[in-house]
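First the structure, in the form of structure tokens, and then the observations on it.
The values are calculated or read from the model by the stated rules, or taken from the named source; none is laboratory data. Nothing here was measured: the structure is a model prediction, and the numbers come from that model. Every residue, glycine among them, receives a Cβ derived from its backbone with ideal geometry; neighbour counts consider all protein chains shown. Note: areas computed on protein heavy atoms with side chains; ligands, DNA, RNA excluded. Shrake-Rupley method; radii C 1.70, N 1.55, O 1.52, S 1.80 Å.
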Amino acid sequence: MKIARILCVLVAMTATLVLAQSESEIPTPESVLGFVPGTDRKLMDYEQLVGYMDKLAAASSSVELLEFGTTPLGRPMYVAFISSSENLERLDELREINHRLALDPAIPADELAGLIRDGRVFVMETLSMHSGEVAPSQTLPIFAHRMATTEDPEIVTQLDDVVLMMVLCHNPDGMDMVVEHYREYLGTKYEGSSLPRVYHKYVGHDNNRDFVALTQEDTRAISALYSTEWYPQVMIEKHQMGSTGPRYFVPPNHDPIAQNVDEGLWNWKAVFGSNLSRDMSADGLKGVASHWLFDDYWPGSTETSLYKNMISFLTEAASCKVATPVRVEPTELRVRGKGLAEYKKGVNMPDPWPGGRWSLADIVSYELSSMSSILATASRHRGEILEFRNTLCRKEVEKGRTEAPYYFVLPREQRDPGELAALVLLLQRHGVEVDRLTADAVVGDLHLSAGDLVVPLSQPYRAFVKEVMETQEYPERHYVPGGDVIRPYDITSWSLPLHMGVRSIQVGTRSEALEALLETVPANAFAVDVKLPDELWAVAYPSTANASYKAVFAALASGLEVGRLAHPFGPEGQQLPAGSFVILAGGAPNDALRSIVNQISLPPIVLAEEITVARQPIRNPRVALVETYFHDMDAGWTRYLFDTYGISYSLLHPEDFDSTDLGGDFDVIVFPAASKDVLTKGKYKRGDRYVVSSYPPEFRKPISKEGLGKLTKFIEGGGIVISWGGSTGLFTEGLAPASGEKDGETVELPVRDVTKSLKEVSVPGAFLAVDFIADDPLTWGMSERGGAFSRGSPVFATSIPSLDTDRRVIAVYPERDLLLSGYLEGEEELQAKPAMVWVRAGKGQLVLFGFRPQFRGSTPATFKLVFNAILLLPLGDAG
């Protein structure tokens with residue numbers, strides 16, 4: 001016995017020494033970074049963050065680093081798996097369990113019990129997607145080190161129950177931009193100022209609005225991580241908010257909530273939120289709020305995972321000035337939005353923060369508490385959460401078999417077949433099953449053709465399918481019976497068929513005969529492999545397809561001759577509509593033409609011989625795109641659109657107008673939706689007061705009086721201006737006197753913005769019906785009755801022109817049935833109002849939109865209107 005006891009002591013001592021040696025080899029964040037994350041005025045950049053996590057993973061068997069994607073600017077994206085070493089050794093097995101639980105509705109009971117017994121809860125957390133919200137990513141090294149070195153038996157157990165998937169930084173490009181800017185101005189009066197551009201290649205803050213359309217590379221990588229690769233059961237996105245309200249937001253969210261999401265998911269969000277409130281309060285953290293400000297109605301954020309059966313929520317921490325502390329006086333504390341009417345103790349914020357100093361270290365402490373609470377809750381409910389994931393899978397599949405709608409049918413014959421292909425690819429990226437009819441079928445009175453595409457609702461991601469394929473009807477909820485409607489946090493329409501211009505049929509009758517004729521659409525179903533003949537005159541593309549314009553801009557960039565048909569051409573059923581394009585081959589196709597036709601998702605029409613229909617030559621326009629430094633997301637989305645379709649452009653900042661020869665350098669100037677006050681004063685306007693931003697002065701220079709005069713001269717001399725949103729205010733109140741004109745007068749245009757006179761109109765982002773005039777170069781390719789995404793302004797009125805000006809109303813809101821999807825108040829005031837206007841001033845042209853033709857890259861249905869405006873011929877050249 002004595003020998004045995006001695007051996008036990010020796011074994012214990014050896015284990016302790018090994019553990020001590022192992023812990024001593026695990027680097028602390030300070031030892032690698034040179035400071036403790038959260039220290040005032042200290043920030044690590046993305047390379048430092050990856051470097052530390054890589055060293056930690058090399059030293060600890062509890063951390064594994066995986067590269068899973070690439071940012072738009074080419075940086076690698078990483079997720080850190082943090083769990084017990086035993087779990088990390090069987091990651092592939094656990095991943096397969098996740099896959100089965102998420103997508104298999106027919107697991108036998110005994111096998112299901114085994115999967116639940118052997119499975120682990122995967123908790124995915126995405127950090128600092130909005131790059132000015134630095135704390136979550138700055139917190140990760142401290143939290144990961146704690147997890148890797150913990151001896152706390154409770155946490156050890158939690159790590160055996162849970163696999164954490166920590167996305168190091170959701171937006172690495174933006175992280176480096178913000179850190180670089182902060183360091184540059186450290187110690188100056190602009191320390192802690194906002195980054196004077198979008199913190200992303202294109203979209204800035206709107207990266208959290210892209211999880212339906214999936215336009216951006218980083219968005220697609222994150223979505224794939226949870227939708228089609230690892231299938232975590234829990235997903236959290238971590239944010240920051242303003243400095244003068246509650247310190248931390250946790251679920252539950254405020255109304256309204258998504259109506260297609262199962263009630264069980266809302267209940268689980270409440271479980272996590274309740275534990276967060278309790279645990280953070282127990283850690284001595286004040287000002288934790290819930291049921292406040294943030295609703296959960298719209299998809300598009302990272303939390304779109306909620307519609308795919310994952311327990312999903314966000315947290316929001318109060319901000320300091322990046323890494324610079326702030327002091328908040330008690331009298332400055334306030335709340336806004338729904339859920340909290342006063343900054344006082346209440347059920348939604350039981351322990352208010354009293355005010356005082358607030359620093360990055362404070363935010364880090366809240367994040368550490370939050371991350372620990374989420375881990376503990378996932379561990380405590382491991383079996384229930386795993387079982388719930390498969391229960392929801394089975395429940396959604398059964399709903400699809402027993403509740404209408406049963407299918408969304410996408411007819412193979414579409415006005416824009418390229419957008420049909422894009423929609424199918426997008427749904428497949430989301431993990432949605434898309435099928436194809438192998439033969440004709442009849443369902444009730446509906447006759448379907450072989451080749452038509454069918455999206456069945458009987459699939460695990462049913463809630464997502466229904467949400468994005470149907471039109472939206474806003475769930476009106478009120479603060480009190482008969483009281484005010486609770487306003488949405490963001491937009492109210494995201495119907496993919498409507499926004500993409502794809503015809504979709506919702507089927508409310510189930511047909512087993514139809515289901516027997518379905519086959520899965522392969523991933524390469526729409527691949528184009530065109531073999532051009534050795535001799536041909538031209539290839540043609542219809543004006544109805546967005547992909548046609550992509551081919552045209554590529555052809556123009558390659559120096560190929562392009563013409564546009566002034567009239568329809570061809571036999572009925574194979575007719576090329578007016579505005580269609582011919583790209584001349586010069587007798588034989590060259591390498592450039594062969595490359596173009598095989599890069600476009602639309603096979604061309606080959607024209608062996610010259611056609612006799614009149615055609616207009618198309619020039620390769622010199623385009624300027626105006627972008628401010630005021631986190632100009634709409635300009636960023638416009639850059640994305642232009643880059644995607646191969647439209648060459650030069651950026652013009654407001655201060656550049658003075659030094660640029662506008663008429664000598666450009667044919668077209670595009671003004672996205674920037675505020676007129678930002679463009680002409682370099683300031684925001686709040687009520688009747690102008691507010692100076694925190695940007696350094698070199699980034700807030702406006703278009704000067706001289707610059708505005710040069711813009712007028714550009715227009716009157718034959719230039720083309722395209723404008724939407726707030727920037728139209730530059731033109732609806734008249735043009736500045738042209739530069740070089742003594743005693744020049746304001747040039748009054750026959751169009752004005754009447755939005756302020758419409759007292760009842762409220763459009764928080766909806767898809768509205770629009771009637772377009774027919775047979776006009778600006779509307780070529782469009783249906784006469786269509787739709788467009790609107791935020792309610794501007795709304796135009798036109799008048800009889802004078803002094804060498806003219807106007808045409810290109811699009812108008814119809815006299816009834818305006819709302820196609822979303823929420824609209826004051827419809828009567830919008831009826832019969834111009835929605836798009838062409839204006840002539842001298843020799844120049846202006847195209848003014850009352851809607852957002854390229855909203856967040858998600859409205860291909862109206863992209864052609866922008867392209868047509870860019871391709872307008874100078875006055876006098878059209879004939």
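Overview of results
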{"quantity": "Contact order normalised by residue count of the range 290-373, Cα under 8 Å, 6+ apart, percent", "calculated": "36"}
{"quantity": "Where only C-alpha atoms are counted, convex hull volume of the range 741-843 per residue in Å³", "calculated": "123"}
{"quantity": "Length-normalised contact order for the range 727-879 - Cα pairs under 8 Å, 6+ apart - percent", "calculated": "24"}
{"quantity": "Nearest-20 debye value, the range 447-505 charge dipole, Cβ charges on Lys, Arg, Asp, Glu", "calculated": "120"}
{"quantity": "Sequence-separation-based contact order of the chain, relative, with Cα cut under 8 Å and 6+ spacing, percent", "calculated": "10"}
{"quantity": "Anchor Lys286: aspartates and glutamates whose Cα lies under 17 Å away (excluding residues fewer than 8 positions away in-chain)", "calculated": "Glu316, Glu329, Glu332, Glu342, Asp351, Asp362, Glu367"}
{"quantity": "Among Ala450, Pro411, His381 - extreme Cα towards positive end, dipole of the range 372-467, charges at beta-carbon", "calculated": "His381"}
{"quantity": "Surrounding net charge for Leu453, when Lys and Arg each add one and Asp and Glu each subtract one, Cβ distance under 13 Å", "calculated": "-3"}
{"quantity": "Reachable aspartates and glutamates from Lys701, criterion Cα separation under 14 angstrom, eight or more residues apart if same chain", "calculated": "Glu627, Glu655, Asp656, Asp658, Asp677"}
{"quantity": "Surface share of carbon and sulfur [accessible, 1.4 angstrom probe, percent] for the chain", "calculated": "49"}
{"quantity": "Rounded to the nearest 20 debye, dipole of the range 86-172 from Cβ charges on Lys, Arg, Asp, Glu", "calculated": "320"}
{"quantity": "Calculated SAXS-style log₁₀ I(q)/I(0) at q = 0.15 Å⁻¹ - the range 376-510, Debye, Cα scatterers", "calculated": "-0.86"}
{"quantity": "The range 344-445: C-alpha pair distances exceeding 15 Å, %", "calculated": "82"}
{"quantity": "Counted charge near Gln240, where neighbours are those whose Cβ lies closer than 14 Å (Asp, Glu -1; Lys, Arg +1)", "calculated": "-2"}
{"quantity": "Greater than 31 Å apart at Cα, pairs in Lys681/Lys759; Lys201/Lys685; Lys344/Lys676; Lys338/Lys681; Lys345/Lys685", "calculated": "Lys344/Lys676; Lys338/Lys681; Lys345/Lys685"}
{"quantity": "Volume in Å³ per residue [convex hull over Cα atoms, computed for the chain]", "calculated": "196"}
{"quantity": "Charge dipole of the chain about the Cα centre (unit charges at C-beta), most positive-ward option of Gly781, Val328, Phe863", "calculated": "Val328"}
{"quantity": "Surface accessible to a 1.4 Å probe, per residue, for the residues of the range 128-197, Å²", "calculated": "31"}
{"quantity": "Computed lengthening from Arg503 to Asp591, 0.36 nm per intervening residue step minus Cα-Cα distance", "calculated": "28.1 nm"}
{"quantity": "The range 598-696 - convex hull of alpha carbons, volume per residue in Å³", "calculated": "176"}
{"quantity": "Net charge over other residues, Cβ less than 12 angstrom from the Cβ of Pro764 (K, R count +1; D, E count -1)", "calculated": "-1"}
{"quantity": "From phi via Karplus (6.51, -1.76, 1.60), per-residue ³J(HN,Hα) for the range 110-123 in Hz, x at Gly/Pro", "calculated": "5, 5, 4, 4, x, 5, 5, 5, 8, x, 10, 6, 9, 10"}
{"quantity": "All aspartates and glutamates inside 16 Å of Lys395 as judged from Cα atoms, apart from same-chain residues fewer than 8 positions distant", "calculated": "Asp104, Asp262, Glu263, Glu384, Glu387, Glu403"}
{"quantity": "Full-stretch length increase - Lys531, Asp152 - with 0.36 nm per residue and alpha-carbon distance subtracted", "calculated": "129.8 nm"}
{"quantity": "Overall Cα dimensions of the range 157-226 - principal axes, largest extent first, Å", "calculated": "48, 36, 14"}
{"quantity": "Convex hull of Cα atoms in the range 96-242, direction-averaged projection (nm²)", "calculated": "11.7"}
{"quantity": "Hull-based mean projected area of the range 67-159, where the convex hull spans the alpha carbons, in square nanometres", "calculated": "8.3"}
{"quantity": "Fully extended contour minus Cα-Cα distance, from Asp351 to Glu67, at 0.36 nm per residue", "calculated": "98.2 nm"}
{"quantity": "Residue-level accessible surface for Glu815, protein heavy atoms, 1.4 Å, Å²", "calculated": "140"}
{"quantity": "Residue-normalised accessible area of the range 762-879, given per residue in Å² at a 1.4 Å probe", "calculated": "33"}
{"quantity": "Solvent-accessible surface ranking, highest first, for Glu125, Glu572 at 1.4 angstrom", "calculated": "Glu572, Glu125"}
{"quantity": "Inter-centroid distance (Cα atoms) of the range 552-585 relative to the range 467-499, Å", "calculated": "41"}
{"quantity": "Cβ charges +1 (Lys, Arg) and -1 (Asp, Glu), total dipole of the chain, debye", "calculated": "1700"}
{"quantity": "For the range 297-435, accessible area per residue (1.4 Å probe, heavy atoms of protein chains only), Å²", "calculated": "35"}
{"quantity": "Percent antiparallel among DSSP beta bridges (both partners in the chain, rounded to 5)", "calculated": "65"}
{"quantity": "Of Pro801, Thr188, Ala59, farthest towards positive along the dipole that unit charges on Lys, Arg, Asp, Glu beta carbons give the chain", "calculated": "Thr188"}
{"quantity": "Cys169 accessible area, assembled protein chains, probe 1.4 Å, Å²", "calculated": "0"}
{"quantity": "For Glu519, solvent-accessible area (1.4 Å; no DNA, RNA or ligand), Å²", "calculated": "80"}
{"quantity": "DSSP-loop chymotrypsin sites (Phe, Trp or Tyr not before Pro) across the range 633-712, with at most 11 other Cβ within 10 angstrom", "calculated": "none"}
{"quantity": "Kirkwood Rh and Cα Rg combined as Rg over Rh, evaluated for the range 550-647", "calculated": "1.05"}
{"quantity": "Euclidean distance between Cα centres, the range 402-454 to the range 738-813, Å", "calculated": "36"}
